[in-house]
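Just below is one structure, and these are the notes that go with it.
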Amino acid sequence: MSALSLDEFKKVELRVAKVLNAEEIPGADRLWKLTIDVGLEKKQMVAGIKLFYTKEAIIGRSVIVVNNLNPATIRGVESYGMILAAKDGGVLSVLTLDKELPAGSAVG
């Protein structure tokens, strides 16, 4: 894997986001279509966390997202960012905060 320069890393916009809703994607057993609040706007993101988080467990959480990715179409659904998570073996953990901060707060 190649290393990023500091200038390249500064281009990544990490933000605190609040998960507002989670919806099924037909035929996708691992994906949630999420509506998130990133401060000044609401966005739709597709996240492969369904095997690890129920709707009730993910809605209302403050998570860390990459807010400035180019849109991607996943299973026919537009996704406008990425929720960060760590995975080790069969365990996945969405990156969250240890204190509440407002949606849209910058990370970095």
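Since every read-out is calculated from the coordinates, none of them should be taken as a lab result. Just so it is clear, the model here is predicted, and its values are computed rather than measured. Don't worry about glycine lacking a Cβ; one is built from the backbone with ideal geometry, like all the others, and counts go over all protein chains shown.
Residues with amide H under 5 Å of LEU20's amide H, sequence separation 5 or more or different chain, H placed in the peptide plane at 1.01 Å from N; which?
THR35, ILE36, ASP37, GLY60
Compute the longest continuous run of the chain that contains no exposed trypsin sites (Lys or Arg not before Pro); treat a site as exposed when its DSSP state is not H, G, I, E or B and it has at most 13 other Cβ atoms within 10 Å.
Numbers: sites that count: LYS10, LYS11, ARG30, ARG75, LYS99.
So the longest stretch without any such site is 31-74.
In straight Cα distance, which lysines are under 16 Å from LYS18, not counting same-chain residues fewer than 8 positions off?
The reachable lysines, counting only those whose Cα sits under 16 Å from LYS18, are LYS33, LYS42, LYS43, LYS55, LYS99.
Taking every pair of alpha-carbon atoms in the range 11-99, give the share separated by more than 19 Å as a whole percent. Walk me through the numbers before you get to the answer.
On the way: 1310 of 3916 pairs.
More than 19 Å apart: 33 percent of the Cα pairs in the range 11-99.
What residue among ILE36, ILE58, ILE25 shows peak mean-square fluctuation when the chain is described by a Gaussian network model with Cα springs under 10 Å?
Result: ILE25 has the largest fluctuation of those listed.
What's the center-to-center distance, using Cα atoms, between the range 6-69 and the range 70-99 in Å?
Computed from Cα coordinates, the inter-centre distance equals 6 Å.
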